[in-house]
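Here the structure is laid out as structure tokens; the discussion comes afterwards.
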Amino acid sequence: MTIALALEPERDQHENGQVTIVEWAKHIVPPAPGRNCERGRPYFTFHLPQSRILGQSFAYRRARRNHVFEGSDGCRLSADRETPTLLERCARNPILTARDWPYSVHSVFNPGAVRLADGTTLLLCRVEDRRGMSHLCAARSHDGISGWSIDTAPTLIDTPNEACWGIEDPRITYVPELSRYAITYTGITRSGAGVCLALTEDFRQFESLGFIMQPNDRDAALLPRKIDGKFAVFHRPASATAAHIWVSYSRDLRNWDHPQPVLKARDGSWWDAQRVGLAPPLLETGSGWLMLYHGVRQGDTGCVYRVGTALLSLDDPTRCLARGDSWILGPESPYERVGDANNVVFPCGFTLGNDGDELRIYYGAANSCIGMATGSVKKLLSFMGNGEDQSIQQTVHGSNSRT
């Protein structure tokens, strides 16, 4: 990997043609002097091998004014954060708040998402009322950003066999074999949080299957197709000492068994060291199942929720092929840093563009409102070093679109 830097003497350390960058020092080999550029400032080039930090090869240029490294594939690397910008926040964020609702609510966040057959984007939003309990409400938009048409009453509420203190955090998967959408969500009971499942064709009428995972369990989503003749659901059981992502299997969507671990929280001071959980449902690509997950770390002022990436084997989703070291989305904007739960970005859904590459990720921000960020499937795969086969399985509708 070759990097070209336009150096400023007052900002960069260089002596006799040798460049020193403290954060990358362990990856740098001695540079070869180049030619002068950019109004006479010294210009040097040096080679950088593919690193664990980036997970891929980039060629970067130090931008003259805003000091941003620009990759040959269009990714950007902040000189301050030194991580590629893989997700771009929507300029209209937050795209939905409680003020948009046609009835009195306290907050809206953590939406499941799907593109319907007519191209409409549907968000199934977690809505918290002024008692502190949550239900689900659908919002529809032709462009997925503005002009939302919101149901005038709750779309899906808890039932006696599900929960007594509300339902929350839905994920939506279209299952072609069923010709229906499978909605997994968390039901809050006196015993804790468990995973519920409902099926629908139109988000008007629902068949409730009740609890499929007993407390304490949450953050669940189905795969869009069977694995070895069985449905597969990813979920996050939790104990006093562990909170990792697991997968379980079923032939009838009601009885689930053979739970196996998939992705564990890391140890030490990693950004995802305390607990992890599935973010949106998985997306099937030619390289494997693309997983976005949230990771939590306890800081001095509370927990911080961020989003990372992993890639799982298509035939054996318990086998992790790759995992990004750094997070790709974290709380930065004011609406993400301050709210009912500070420093939280929490995606539950995404939609896939007509080009098969553009991802629109919908997320809850600080448990108070809804944001959207746009990314590329190819760049996410390349970020983890799996960009060779970047084809998307168009025959699988997954959780993001129905065509």
Scattering curve values for region 88-383, log₁₀ I(q)/I(0), Debye with Cα scatterers, q = 0.11, 0.15 Å⁻¹: -0.58, -1.20
Tail weight of P(r) past 17 Å, computed on alpha-carbon pairs of region 279-367, percent: 53
Positive-end residue of 179, 242, 281, charge dipole of region 175-321 with Cβ unit charges: 242
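Which of the trypsin sites (Lys or Arg not before Pro) across region 103-167 are loop residues per DSSP, with 13 or fewer other Cβ within 10 Å?
Passing sites in region 103-167 are 130, 131.
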Distance between region 113-143 and region 282-361 - C-alpha centres, whole angstrom: 20
Residues whose placed amide H lies under 5 Å from that of residue 93, excluding near-sequence neighbours: none
Built amide H within the under 5 Å cut-off of residue 322, gap 5+: 311
³J(HN,Hα), Karplus 6.51/-1.76/1.60, whole Hz, each residue of region 262-270, x for Gly, Pro: 10, 9, 9, 5, 7, 8, x, 9, 4
Candidates per trypsin sites (Lys or Arg not before Pro) in region 310-360, loop by DSSP, up to 14 other Cβ within 10 Å: 319
Table column - 3J(HN,Hα) (Hz), region 97-102, Karplus curve with 6.51, -1.76, 1.60, x for Gly and Pro: 9, 4, 5, 7, 7, x
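Coordinate-derived values only; no laboratory data. As the structure is a computational prediction, the values presented were derived from the model and not from experiment. Neighbour counts run over all protein chains shown; Cβ positions are idealised from the backbone, glycine included.
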